[in-house]
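The next block holds one structure in the form of structure tokens; read it before the comments.
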Amino acid sequence: MHVAAGAAALVAVSALALPHGASAVAGAEADCSARSDSRVRAMTDTGIGLTSSLGLAAGRYALPADPAPTQLVVLFHGHGNDSCGWRKHLQDIAAKGAVAVAMDYTGQRDTPSENYGWFVREGAADSIAAAQHFIAAYPSITKVIAVGISMGGNSSGLAVASPDAVRADGTPLFDYWVDIEGVNNLIEEYLIARGVAPVNAGGAVAQAEIEEENGGSLETAPAAYAEITNVRRAADMKGLKGVVLVHGVDDGLVPTNQSREMNEALTAVGVPTHQYTVVLRGGAEAGTTLTAIPGGPLFSAAGQPPYVSPFAGHGWEGSETHMVIKTGFAQLYSLMEGTAFTPGETVVPGT
């Protein structure tokens, strides 16, 4: 797969066909097209030639000033996006002293509307290879954190659960997992997409993508779907020292219950978790919201301005203002700063 050096198509066409804000998308495209900041580098531009278990892999990374970093953060992108969306976050993480890397999932295909494909197995394999590469390049690294958003939650969950996710000495590759509005119940997500597909083009696309990844429908390939459904893989994640789960109450793309289900599954196998539930959008963008599905048409029919939910919905990974994304990165930075992980549950008002 190539590194998306040109203007990437970052509009996320979800199961409910509700795209992210156009201004945020346009800004990300401009950054990636110009590639003006040399701190973010393309894997193939530097001759790394990274190879995962599935073949040649590509992505972007940023290095800290410290020549002996002790931390590595691996970012997993969401549906319709690529490593371009992580550009500013890669820079911010490196500025805080850690190596940061985000992979483009092998198999993705550029289309006019998105980077096509639900290639979460491939994303997991590519990201494991990247993490192992940087640990070998920087033996000083002792802490590795996986961060996934949306579909990236699915891929990052598979990565931390993978038997291939080990260091040279056989210990677990990942120490912590920050799972932000993650697709942790792929079976449920597929059924939602399939359910709206007859009347919704985005749902039809998502259904086709998931079926391609699994070699057929849920009925024809049930074992494949179960294999990449995170809530069914909790027992394989027992090497984690802690998991942060973050979700908005009005998420219109990934049902909020999926973080709750993941929390319960991890708790059942003894993995420490801390769940953050974000209530209000706090003056920032709402993101994609569930209440917009009935609210939008109702407001329009009444001649009112476009409906904007007061609650936190589904954010885009490149955002620095969405309350769910901000909450997730605040917890990432807390882990990077060495704050002790404390299991529990926190309601984030968002005011």
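Bear in mind that the values in this text are calculations on the coordinates, not laboratory data. Please read these numbers as outputs of a predicted model, since none were measured by experiment. FYI the Cβ positions are ideal-geometry reconstructions off the backbone, even for glycines, and counts take in every protein chain you see.
Distance from the Cα centroid of segment 70-144 to that of segment 152-201 is 14 Å (rounded to whole angstrom).
3J(HN,Hα) couplings calculated from phi for segment 98-113 with the Karplus curve 6.51 cos²θ - 1.76 cosθ + 1.60 (θ = phi - 60°) are, in sequence order, 10, 6, 10, 9, 9, 9, 8, 5, 3, x, 4, 10, 5, 10, x, 9 Hz; Gly and Pro show x.
Restricting the GluC sites (Glu not before Pro) of segment 226-326 to loop positions (DSSP other than H, G, I, E, B) with no more than 13 neighbouring Cβ atoms within 10 Å leaves 320. Amide H contacts for residue 311 (H built 1.01 Å from N in the peptide plane; partners 5 or more residues away or on another chain; cut-off under 5 Å): 281.
Label-to-label distance for residue 199 and residue 167 is 5.3 nm, based on points extended 7 Å past Cα in the beta-carbon direction. Taking amide H atoms as placed 1.01 Å from N in the peptide plane, the amide H of residue 111 lies under 5 Å from those of 116, each 5 or more residues away in sequence or on another chain.
Okay, which of segment 137-155 sit inside 14 Å, backbone N to the point 7 Å along the Cα-Cβ direction of residue 66? So the set is 138-145. Candidate cross-link partners of residue 88 among the lysines, defined by an alpha-carbon separation under 29 Å and a same-chain spacing of 8 or more, comprise 96, 143, 241, 326. If the segment from residue 217 to residue 339 were pulled out straight at 0.36 nm per residue, it would be longer than the present Cα-Cα gap by 39.6 nm.
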